[in-house]
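FYI, it's all coordinate maths here, none of it is from the lab. Computed from a predicted structure; not experimentally measured. Ideal geometry is used to build each Cβ from the backbone, glycine not excepted, and the neighbour counts take in all protein chains shown.
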Amino acid sequence: MTLDYSAILEDRYFDYLVSGAITTFSLALAAWVAAIILGLLIAAVRNIDFLPTRWFCIVFVDYHRSVPLLVQLFVWYFALPELLPQAFTQSINRGNPEVFFAWVSLTLYSASYMSEDIRSGLRAIPPGQFEAARTIGMNYAKMMRWVIFPQAWRLSLPPLVNQALILFKGTSLASAIGVAELSYQARSIETQTFRAFEAFSLVTLIYMVGTIMIMFFGDRLVARYALKRG
Amino acid sequence: MIELLEQYGRLLLVGHYPNGPLGGLAMTILTSLLCLAICFPIATLLALARTHGNKTLARFYTGYIYFVRSMPLLMLIFWIYYFLPYVLPFSLSPFVTIVLAITIFSSAYLAEVIRAAIEALPKGQYDAASALGFRYWQTTFLIVLPQALTNCIPGLVSQFILIIKETSLGYIITFNELTYVAHELNKILLVKPVEIFTILAISYFVLCSGLSQLGGQLERRIARGRLSNDSDQ
């Protein structure tokens, strides 16, 4: 077997790779943005002193952390459309239901982990900071805005970067419900050309570019905004 | 749902065993245990490579960690399952593929846990060992590892949970574990996806959530032990 990248870089297979890469990166980005917003929301609701909402958050986070992402994808793709209102399911099916449900499950999955990262950042702030802010007459919103949050997000940053990495790699599982992202395209090129090494090495390389970019910029961000205590 | 469990519960639990191959939840748990058992010594060696002080070994360690962190587990499974048969005279079974892929992956994550535990040991332990005239291997096996690995037990439990969740990827290469069995059942019955996938999700939830409660308890117990040790000194 000789190496021949030209066979899989011709028009059709090259298009497969490009569209796969675009799907992977945009799915990861869309889920990341939504997950950060939802994660903040969950962390905030979790801190409200009201038992039903607190329990809901605990079970919600525990479910998404205990069940494999692949199973979560299956639940959304195979089971939930049966329970959702018909009109809603039909409007999704007119678009691209695979991508939609992959986005929903990746978002919920990541948001659960992120909410825990955000919460542990908040918990790591010494109580003296809260007391000091109140003592100088800040109200709750001002205290959060000017004292707590600037410290908390710096503490949460390293785990959040790691979570972005896990999310990016997690998009590969969307191929199991038929989303035509990178690993899905790797398999279809391989089955059509029997050039496993060429297809897999290119796709692995694209994944590595993505992950190494996240690690590199993440580390720089963490180094730049690290809390200087002393 | 109860009816479904009565009829197919056994299939989901043990597959066709004892009249056919083992599968289902039992397969998931046994495979995960096997992976953990193989990972543990490899991860310990990797962690020692990092903490030994040798620059080449440390570089190898860093390279390995970055390699694993930079690629989805699914791609590694593809490499092993679909590429290796092109260059090897035999092909690997789905079971061997999953065990191999998860071992390569989890060793790296577990090595980070063990490394952190080794580095967290107070420096006095090393001073005491060298005062007693211990060599590297004596220090490692009699002083460092017994303490570091005990402190790692909660980390080992969370690694076990991660491995259980990762075995679900066996579905993609038709490995007979819980997710695959449930998916096949759904394909045969066709009309009961809600019940089947609810049962599937609940099984993983009960198993992994329960294990993580256990891990939390172990962590508290070990922390207590450490506190009382400190006050003894």
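Please indicate, with yes or no, whether at least one residue in the stretch B:30-44 is in contact (Cβ under 8 Å) with a residue 40 or more places away in the chain, over 20 Å from residue B:177 (Cβ atoms), polar (S, T, N, Q) and touching a helix residue (DSSP H, G or I) at 6+ places or on another chain (Cβ under 7 Å).
Within the stretch B:30-44, one or more residues are in contact (Cβ under 8 Å) with a residue 40 or more places away in the chain, over 20 Å from residue B:177 (Cβ atoms), polar (S, T, N, Q) and touching a helix residue (DSSP H, G or I) at 6+ places or on another chain (Cβ under 7 Å).
Okay, residues lined up against (1) more than 30 Å from residue B:166 (Cβ to Cβ); (2) out of contact with any helix residue (DSSP H, G or I) (no Cβ under 6 Å at 6 or more places or on another chain); (3) away from chain B (no Cβ under 14 Å); (4) hydrophobic (A, V, I, L, M, F, W, C):
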residue: A:59; (1), (2), (3), (4): no, yes, no, yes
residue: A:66; (1), (2), (3), (4): no, no, no, no
residue: A:78; (1), (2), (3), (4): no, no, no, yes
residue: A:81; (1), (2), (3), (4): no, no, no, no
residue: A:93; (1), (2), (3), (4): yes, yes, yes, no
residue: A:107; (1), (2), (3), (4): no, no, yes, no
residue: A:112; (1), (2), (3), (4): no, no, no, no
residue: A:116; (1), (2), (3), (4): no, yes, no, no
residue: A:138; (1), (2), (3), (4): yes, yes, yes, yes
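Need a quick list: helices (runs of 4 or more DSSP H) entirely within the stretch B:121-233 having at least 3 residues that are within 14 Å of another protein chain (Cβ to nearest Cβ), within 23 Å of residue A:62 (Cβ to Cβ) and without any contact (Cβ under 8 Å) to a residue 60 or more places away in the chain.
Details: elements: B:123-131, B:145-151, B:153-166, B:178-189, B:193-232.
Of the helices (runs of 4 or more DSSP H) lying wholly inside the stretch B:121-233, those with at least 3 residues that are within 14 Å of another protein chain (Cβ to nearest Cβ), within 23 Å of residue A:62 (Cβ to Cβ) and without any contact (Cβ under 8 Å) to a residue 60 or more places away in the chain span B:153-166, B:193-232.
Based on this model, can you work out whether residue B:101 counts as away from chain A (no Cβ under 14 Å) and of a type in the set (A, V, I, L, M, F, W, C)?
Here the answer is no, as residue B:101 does not meet what is asked.
Take the stretch B:51-83 and flag every residue that is more than 14 Å from chain A (Cβ to nearest Cβ), more than 20 Å from the chain's Cα centre (by Cα) and either within 29 Å of residue A:189 (Cβ to Cβ) or outside any loop (DSSP other than H, G, I, E, B) (or both).
B:51, B:55, B:56, B:57, B:58, B:59, B:60
Which number in (1) assigned to a helix (DSSP H, G or I); (2) more than 30 Å from residue A:25 (Cβ to Cβ) marks the one condition that residue A:137 misses?
Condition not satisfied by residue A:137: (1).
Looking only at the stretch B:1-46, count how many residues are surrounded by fewer than 15 Cβ atoms within 10 Å (Cβ to Cβ) and within 12 Å of residue B:163 (Cβ to Cβ).
Counting residues in the stretch B:1-46 that are surrounded by fewer than 15 Cβ atoms within 10 Å (Cβ to Cβ) and within 12 Å of residue B:163 (Cβ to Cβ) gives 3.
Restricting to the stretch A:24-35, give me the number of residues that are crowded, with 19+ Cβ neighbours inside 10 Å and either away from chain B (no Cβ under 14 Å) or over 26 Å from residue A:99 (Cα atoms) (or both).
Residues of the stretch A:24-35 that are crowded, with 19+ Cβ neighbours inside 10 Å, as a first pass: A:24, A:27-28, A:31-32, A:35.
Narrowing further to those that are either away from chain B (no Cβ under 14 Å) or over 26 Å from residue A:99 (Cα atoms) (or both): A:31-32, A:35.
Of the residues in the stretch A:24-35, 3 are crowded, with 19+ Cβ neighbours inside 10 Å and either away from chain B (no Cβ under 14 Å) or over 26 Å from residue A:99 (Cα atoms) (or both).
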